[in-house]
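Below: the structure, in structure tokens.
Values quoted throughout were computed directly from the atomic coordinates according to the rules given, and no laboratory measurement underlies them. Keep in mind it's a predicted model, so treat the numbers as computed, not measured. Because the Cβ atoms are built from the backbone with ideal geometry, glycine has one as well, and the counts that use them run over all protein chains shown.
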Amino acid sequence: MTSMLRDIGALHRRHVLTPWSVQATIDMPSIERGEGSYLYDVDGKRYLDLSAGLVAVNLGHAHPTVTRAIADQAARLCYASPQFFNATRARYAERLSSHAPWKEGARAFFTTGGGEANEDAVKMSRTITGRHKVLAAYRSFHGSAPGAGTLTGENRRWPNEPGIPGIVHFFAPNIYNSPFDTRDPKTEIERAIAHLELVLTYENPKSIAAILIEPVVGTNGAIPLPVEYLQRVREICTEHEIVLIFDEVMCGFGRTGAAFAAVRFGIEPDMITFAKASTSAYVPLGGVLVRETLAQFFDTRPLPCGHTYSGHPLAIAAANAALDAYESEHLFERAREIEEWIREDLAAVAARAPVIGDARGVGAFWAVELVKDRETREPVVPWQGPNPGPIGTILAKLRERGVYAFGRYNVILITPPLTISREELREGVNALGDVLEEFSCA
Ligand SMILES: Cc1ncc(COP(=O)(O)O)c(C=O)c1O
């Protein structure tokens, strides 16, 4: 490590609190710039961004269409109160609506991030239904602050507890790691639905405003939920007049091979929350897409949500330009091609790294799950345990080889920019294979 890197590291540790980390133990490169699929540190070392940051930089780094739009907008108008009309904001919302799954259309409420979007979706659902409870899945992440943090279904919720009232968790299906004691996909779905129905019965369906769910579970393992399951959840919500909210903060904007997972899976929720890749993460932006029939509720009653930065001009300019790039380069569709590349590359890697128990995904949203034994599927470290296991060492070794990826416990995410080339992807997955092969033999 150069002395420059050491100095930055010391300064950082002295003055910056880094998310989710034990501060004294963090040792990361200092990133100076990004271009395409690569990040570059202060020493000029390059890292292939195999996780697209935090599953967000879907256009790769420094896409000129977006950077130019941000610069142009900055010179024209950086801020006006969100109650003022703004042409780019109105047009962008119209374009978003055209990508949404509803024939009737949708309206957008803008936030600065995904957690805030989930909290606003919950608040709107409570206002519309006059009910207070919200069901969310275990093994989910919906944000960090106390509201979204309470909706979260894993140990990052715990520091928020007791949290906001009225949140109840349930288990969604997980074919590889069943909470319902089966390895049969059909049985898993049936049991997951029976369980959800039981939870509803005991909670009183008439008190439930919303069910919030990630159609593809994100940081809890890149687990695409079975379409049949999501269809049944849709039917249950319709039957009990419960608002169905898809958290598409991670899986929106092409990650699954369509604008939204709802479109890829052919399911109509009532609201979709989004953030991250809406601007390819260049400027913070999130929001809630509300189907038109529900949005009309607020034509005659005040919308109970608002933020200083709602529909911020810089963020909207970035989002509008990002959508230009997604559309003109056909990147939502390209994610389906990437799906085939990742499937092929991971199959090759799994053949030489027995530590890989499962490789699963949809579109450009994949993960490998690391196990001690493929037969028993025992994880290399228990999910949600107090010990993070070897993941930190594995990811550090990967960075030494010039590849960045992120993961938790026994799962590593492979979620590259949708602009990645075939060769770059192979380079990244091969490096992962080398590290995991070495780990398998150790
Ligand atoms: C599915 C999902 N929902 C919500 C969030 C929270 O988004 P933000 O960090 O923008 O608040 C995340 C962040 O990773 C996420 O993956």
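Which FRET efficiency, nearest 0.05, do residue 441 and residue 85 yield, Cβ-Cβ r, R0 41 Å? Before the final figure, lay out the partial values.
Numbers: r = 62 Å, r/R0 = 1.52.
It comes out at approximately 0.10.
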Describe numerically, in nm with one decimal, the distance between label points set 7 Å from Cα along Cα→Cβ at residue 307 and at residue 422.
-> 4.1
From the cross-link list 133/372; 45/372; 206/276; 45/276; 372/397; 103/276, the entries with a Cα-Cα span beyond 30 Å are 133/372; 45/372; 206/276
So what are the chain's ellipsoid semi-axes, whole angstrom, largest first, if each one is the square root of 5 times an eigenvalue of the alpha-carbon gyration tensor?
-> 33, 28, 20
Multiply the residue separation of residue 186 and residue 27 by 0.36 nm, subtract the distance between their alpha-carbon atoms, and state the gained length in nm to one decimal.
-> 52.8 nm
Taking the alpha-carbon centre of each part, the distance from the stretch 115-189 to the stretch 312-374 in Å is 24
Translational diffusion of the stretch 125-260, µm² s⁻¹ [Kirkwood Rh, Cα pairs; Stokes-Einstein; 37 °C; 0.692 mPa s] | 216
Calculated from backbone phi, Karplus (6.51, -1.76, 1.60) coupling profile of the stretch 65-77 in Hz, x at Gly/Pro = 4, 7, 5, 5, 5, 5, 5, 4, 5, 4, 6, 8, 7
In the chain, what % of DSSP beta bridges are antiparallel (nearest 5)?
-> 65
Let me have the 222 nm mean residue ellipticity of the chain computed from DSSP H runs of 4+ only, each contributing -39500 (n - 2.57), with the sum over all residues rounded to the nearest 500.
-> -12500 deg cm²/dmol
Using the Kirkwood radius over Cα pairs, work out the Stokes-Einstein diffusion coefficient for the stretch 66-328 at 25 °C and 0.890 mPa s, in µm²/s as a whole number.
-> 131
What's the center-to-center distance, using Cα atoms, between the stretch 266-289 and the stretch 201-237 in Å?
-> 18
In nm, to one decimal, how far is the modelled label at residue 98 from the one at residue 155, with both set 7 Å along Cα→Cβ?
-> 4.7
The long-range amide H neighbours of residue 51, using H built 1.01 Å from N in the peptide plane and a cut-off of under 5 Å, are 406, 415
Give the order of 182, 111 when sorted by the count of other beta carbons within 10 angstrom, beginning with the fewest.
-> 182, 111
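Which value does Rg/Rh take for the stretch 7-104 over its C-alpha atoms, Rh per Kirkwood?
1.09
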